[in-house]
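Below is one structure, written out as structure tokens; the observations come after it.
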Amino acid sequence: MANNYEIEGIPVADLNNHKWIKYMAWGSTVATALAGLVGGGYYLGNYLDSRWGTDPWLKIGLMLVGVVLGIAYLIISLSKMGKSNDES
């Protein structure tokens, strides 16, 4: 028998199943980290380009470094999440 609950007359799935919250939090963390790394690369590259007169090469380079680091973070997080799901 499934644990079905009603909130204001609307049936709701099992309230003890919170895996979707974990995945939503993980997704927002990865998205924020990727945006922060690329944005940080942009602003740091913009500052260094204006200081050294290399516009736009450092900006582009550091943004690409941010993308690579973001993808690496995504891969590491996926592998850790897979291990935690296997253990539970």
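Laboratory data are not the source of any read-out in this text; all were calculated from the coordinates shown. Please read all numbers here as calculations on a predicted model, not as lab measurements. Glycine gets a Cβ as well: all are built from the backbone with ideal geometry, and neighbour counts include every protein chain shown.
Results, tabulated for the structure shown:
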| item | result |
| --- | --- |
| Spatially proximal lysines relative to Lys83 (Cα-Cα < 27 Å; intrachain offsets below 8 disregarded) | Lys19, Lys22 |
| Förster radius 22 Å - calculated FRET efficiency between Lys19 and Val67 (Cβ-Cβ, nearest 0.05) | 0.15 |
